[in-house]
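Every number here is computed from the coordinates shown, using simple stated rules; none is lab data. Computed from a prediction, not measured in an experiment: that's the story for all the values here. Cβ sites come from the backbone with ideal geometry, for glycine too, and all protein chains shown count toward neighbours.
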Amino acid sequence: MRLGVEETLGALNAALGPGGPVWFKETRARHLRVRDFLAPRRALEARFGDDQVPERVVHAIVGLQGPGVAPVLSCAPTPAGLALQLRRSAVFERVLGAVAAYAAPTVPAAPGPHVVLHCPALRGSPCALRLSQLRAVLVADHLARALHAHRVSVRLVPAVRDPHMPTFLQQLRVDWPAASERAATEALRSRALAELTPARNAEALPPGALGRVYLKELVDERGRTTGYDPNLDSCLVTEDLLAVLAELQQAVQDWAEDSSLGLATAPDAGADSCMVVHVVSCEEEFQQQKLDLVWWKLDDQAPLRQKHLVCGPVKVAGAPGTLTAPEYYELRHAQVCKASALKRGRDLAQDSAWMEIFRVLCVATIKFEMLSTAPQSQLCPHSSASLGPG
């Protein structure tokens, strides 16, 4: 059995006797030189009073064994509390001797719901991607990878159709499917035509529009007012909107069909066990709320569990607000190349191996900025001193 932090913490807390958990795993670099776990002094005083921890308890901790419990080297009182150090050579030997077992994700006790991960920003072209939408794309990709690591079934929507988008996503190391064929919209169109409200006062509809659906009553009757914008009133139903809904509908129905063929593992697989997560920029949130409600209105099998992950705005100091995602990529890539040339005293642009390194560094920089910078903080596009390889 592989060693585990949770198993080790459980055994350490049990060794102290009845009471709540006391031990925690040390993570600070300067303390990891002398300890791997710590039971804080104040927590011990609350458990044992002003007396020291009984010697028999300390001996029991040093001799701890059990499934998943890491071997202990020493346990001694310090001003901070009881400090415990593992037999690190033995731990390293155990881990390095079974790397595959530690690299594999833990199998969940029960299969979780299917997840449809929807990122509306990927319906356009790269040149139309604002930086806030780039943040949404990178968050969606990161979330997909995290869910896959926990063996959650994930379907990515939309399949990209713009011919330039796959190349740009490949530059960003984002793995997203490309479109093969469009989902059929006939059933949704028929339902939409039956639900549409006649145009008021001879309202002229734009090309491609079928009519207007009024949403406020739907929000009220379904009790979905919480979290929805109070200004939601109506939505113009267009052929493009029906195509979006058809693709989402198809993603959910495919799992329901797999379940009927015995391919799904969850006993309640189907639309009811499917969660839809919309990863949107703050500018797209209002329109996405409209789309959710129209989906519920036109499709009785639409999943009830729809979540919105709203990504905050991206502010770039000293750069125009019209900066697009490809322009930002090119800016960072040029900075990486320039910083590397300054550090090494020569231009490495002709070396294909170095250029691949520069591309990796550029993507790492962009992902770090987009995933770690708070929305209220600004990115600094001209900060390039530390971008190149050492």
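Just a few scattered comments:
- Taking other C-beta atoms within 10 angstrom as a stand-in for reagent exposure, Val34, Val310 fall in the order Val34, Val310, fewest first.
- Additional length obtainable on full extension of the chain from His150 to Ala341, 0.36 nm per residue less Cα span: 64.7 nm
- Ratio of Rg to Rh for region 47-86: 1.00 [Cα atoms; Kirkwood radius as inverse mean 1/r over pairs].
- Taking the inverse of the mean reciprocal distance over all distinct Cα pairs, the Kirkwood hydrodynamic radius of region 16-163 comes to 20.0 Å.
- Computed log₁₀ I(q)/I(0) - Debye formula, equal Cα scatterers, no solvent, region 118-163, q 0.22 Å⁻¹: -0.77
- This ranking places Lys25, Lys290 by how few other beta-carbon atoms lie within 10 Å of each, fewest first, which gives Lys25, Lys290.
- Whole-Hz couplings from phi, Karplus 6.51/-1.76/1.60, listed for region 9-17; x for Gly and Pro: 4, x, 5, 5, 5, 5, 5, 7, x
- Solution diffusion estimate, µm²/s, Stokes-Einstein, region 5-103, Kirkwood Rh from C-alpha pairs, 20 °C, viscosity 1.002 mPa s: 152
- Averaged over residues, the count of other Cβ atoms within 10 Å places the peptides 184-192, 87-95 in the sequence 184-192, 87-95, highest first.
- For Asp51, neighbours were defined as the other residues whose beta-carbon sits under 15 Å from its Cβ, and their charges (Lys and Arg +1, Asp and Glu -1) total +1.
- Antiparallel bridges, percent of DSSP beta bridges restricted to region 1-116 (to nearest 5): 100
- Distant-in-sequence amide contacts of Leu379, defined by a placed amide H-H separation under 5 Å and a gap of 5 or more residues or a different chain, comprise Lys315, Val316, Ala317.
- Between Ala80 and Glu7, the FRET efficiency estimated from the beta carbon spacing at R0 = 25 angstrom works out to 0.60.
- Charge sum, other residues only, whose C-beta stays under 12 Å from Ala364's C-beta, Lys/Arg counted +1 and Asp/Glu -1: +3
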